[in-house]
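To keep things clear, I will list the structure first and then write my remarks on it.
What follows draws every value from the coordinates through simple rules; no lab data is involved. In this text the structure is predicted, and so the values were computed from the model without any measurement. Cβ sites come from the backbone with ideal geometry, for glycine too, and all protein chains shown count toward neighbours.
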Amino acid sequence: MSAFFVPFFVVLAGAVGFYLRLMELLNVFEPLTGLPMRGATITYVLIVFSVLVLSLVLIFAVRAAIRHNPPNGFENAFGTDPLSYPFICSIIGLIWLGATIHFFLEANVPMALRSTEVYFSILSALSAISVTFFAIEMYQDSRRKMIFALSMVPTLFMCFWLIMMYRQNASNPILLSYVYQCLAIISSALGFYFTSGFLYNKPAPGKAIFFYFAAVYFCIITLADDHAMSIRIIISAIIVLNLMYASMLIRNLRRKYS
């Protein structure tokens, strides 16, 4: 039951956060200067709501970690199905890759593509491909060293995205304009990182669950920001991937014997 209701709750909370963020962007930021108004009620409401959601997710993640044995190995943790798991990951990977190609072509229209955008496109494309081939390789031979390398690519991509976002906003004094995107990227990076941990016999189900849901929540909020459609699609692919891993992990946790 938790494998369905908790993800549903997080998605619903993300939808509320998306609406609050949209209202904040429309009503709090000055259209000419881009500066936020001080003491805006909607800003504090979104902050308090986010803290409340994360607190509930944290409680659930801690309880899951305490009440269940840490699963040994990726397959024991996620109980991946030999048909649906590779199929879903292939669809996610293709959509992600298509959005990356669109981003690259769109950015290259004025023939002034910056090096960071090139690296972003390359790493994003590699991440999309790794998501697909990781799922396929798990059922061909889960002992292949390639699987370990594939599992780390999305983490590296998210870390680069975080660096790129920081460079783009280094001179931006308005933290509120990009803080939720920053939290989304950090949560996603840690979610992918703890997913890889199950391959290296370093299971941390509580941490993985928390960051899966934190990534889903903040990524949904980030969709309200002013992003290109290709970036929104990539973020959406990350949302679906985190939801899938969270549901699979929760479903396959085994209670400790009393």
query = So how far apart, in nm, are the two label points at R63 and A170 if each is 7 Å from Cα heading toward Cβ?
reply = 4.6 nm
remark   = In degrees, nearest 10, the alpha-carbon axis of helix 179-197 is tilted away from the dominant principal axis of the alpha carbons of the chain by 10 degrees
query = If one computes the Cα centroid of region 13-87 and of region 168-186, what distance in Å separates the two points?
reply = 16 Å
task = Tell me what the chain gives for mean residue ellipticity at 222 nm when only DSSP H runs of n ≥ 4 count, each as -39,500 (n - 2.57), the sum divided by the residue total, rounded to 500 deg cm²/dmol.
result = -26000 deg cm²/dmol
inquiry  = Between F192, F148, F213, where does the largest GNM mean-square fluctuation fall for the chain, given springs only between Cα atoms within less than 10 Å?
reply    = F148
request  = In nm, give the distance between the simple-model label positions of F5 and E75, each being 7 Å from the Cα along the Cα-to-Cβ direction.
outcome  = 3.2 nm
message = Could you order the peptides 66-77, 120-131, 195-206 from most to least packed, using the average number of other C-beta atoms within 10 Å per residue?
response = 120-131, 195-206, 66-77
request  = Calculate, in nm to one decimal, what K202 and R232 gain on full extension: separation in residues at 0.36 nm each, minus their alpha carbon distance.
outcome  = 7.6 nm
ask   = Who wins for biggest fluctuation among G191, G93, G79 in a Gaussian network model of the chain, springs between alpha carbons below 10 Å?
value = G79
inquiry  = At a threshold of 8 angstrom on Cα-Cα distance, excluding pairs fewer than six apart, so keeping six or more, what relative contact order does the chain reach in percent?
reply    = 33 percent
ask   = What does the charge dipole of the chain about its Cα centre add up to, to the nearest 20 debye, if the Cβ of each Lys and Arg holds +1 and the Cβ of each Asp and Glu holds -1?
value = 940 debye
request  = On a 0 to 90° scale, report how tilted helix 41-67 is relative to the longest principal axis of the chain, with both axes built from alpha carbons and the result rounded to the nearest 10.
outcome  = 10 degrees
request  = Report the Stokes-Einstein translational diffusion coefficient (µm² s⁻¹, integer) for region 139-258, Rh taken as the Kirkwood radius over Cα pairs, at 10 °C with viscosity 1.306 mPa s.
outcome  = 103 µm²/s
ask   = Most fluctuating residue of T41, T100, T116 in a GNM of the chain with Cα springs under 10 Å: which is it?
value = T41
task = Rounded to the nearest 10 degrees, what's the angle between the helix 115-140 long axis and the longest principal axis of the chain, both from Cα atoms, 0 to 90?
result = 20 degrees
message = Once the cut-off is 33 Å, how many percent of the Cα-Cα pairs in region 2-255 end up in the long-distance tail?
response = 20 percent
Full-extension gain in nm, A149 to E106, via 0.36 nm per residue minus C-alpha separation = 12.5 nm
